[in-house]
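Note sheet for the following structure.
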Amino acid sequence: MADLPFALALTAGMLAAVNPCGFALLPAYLSLLVLGDGAPSRGAAVGRALAATAAMTLGFAAVFGVFGLVVAPVASQVQQQLPWFTVVFGLLLCAAGVWLLAGRELPALLPRMRRAPGVTRSVPSMALFGGAYAIASLGCTIAPFLAIVVSAFRSGSTAGGLLLFGAYAAGMGAVVGTAALAVALARTSVVGRLRRAGAVASRAG
């Protein structure tokens, strides 16, 4: 297992958290989940940040786990064609990059709901938000995630594949956890910075 690309999986997970398709959702929701409407103590805010990170990572991992199981059979069938697939997909990503630089938005994979469900600080609600975040992010993260799926399949080991997927989820959780703790410790100033970052995330991505 020493030759498995754990660094690739961890980095891909981190990129999944800051992708231009979903990152704009984070600032407001982290502010809601960590700070709420009141002014909790620093200890309480840190506890909320850790709970939100764990629950969101769980929901995120669940969605990508199901998606990975769905695409794994296809990935195994096209392994010999992966070099060509990589070139074509790379060209599509370049086109998407030009589209975003022009100030446009990528189309959503799913139709937008008229009214989004409310998010509370309960574990199921935060996990559901993590899953929704993953769904919103699929359009921008499918390429690096497919690399992880294929790497896991090539490992020939269930344990190796699970470890790669765990590294992917850990990368996402590390970024969300850092942002959540920043909100808990620095309060409103960091929320404002995150919102400004979300506004330029599409073009930077």
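The values are calculated or read from the model by the stated rules, or taken from the named source; none is laboratory data. Note that the structure is a prediction, hence the values are computed from the model and not measured. Note that we place each Cβ from the backbone using ideal geometry, even for glycine, and neighbour counts take in every protein chain shown. Areas reflect the complete protein model, heavy atoms only, side chains present, ligands, DNA and RNA absent. Shrake-Rupley method; radii C 1.70, N 1.55, O 1.52, S 1.80 Å.
Here are some notes:
- When the residues Trp84, Trp99 are ordered by accessible surface, computed with a 1.4 Å probe over the protein chains alone, the sequence from largest down reads Trp84, Trp99.
- Once both labels are positioned 7 Å from their Cα atoms along Cα-to-Cβ, the gap between Leu93 and Leu185 label points is 3.2 nm.
- Contour excess over end-to-end distance, with Cα ends at Val46 and Leu25 and 0.36 nm allotted per residue: 5.5 nm
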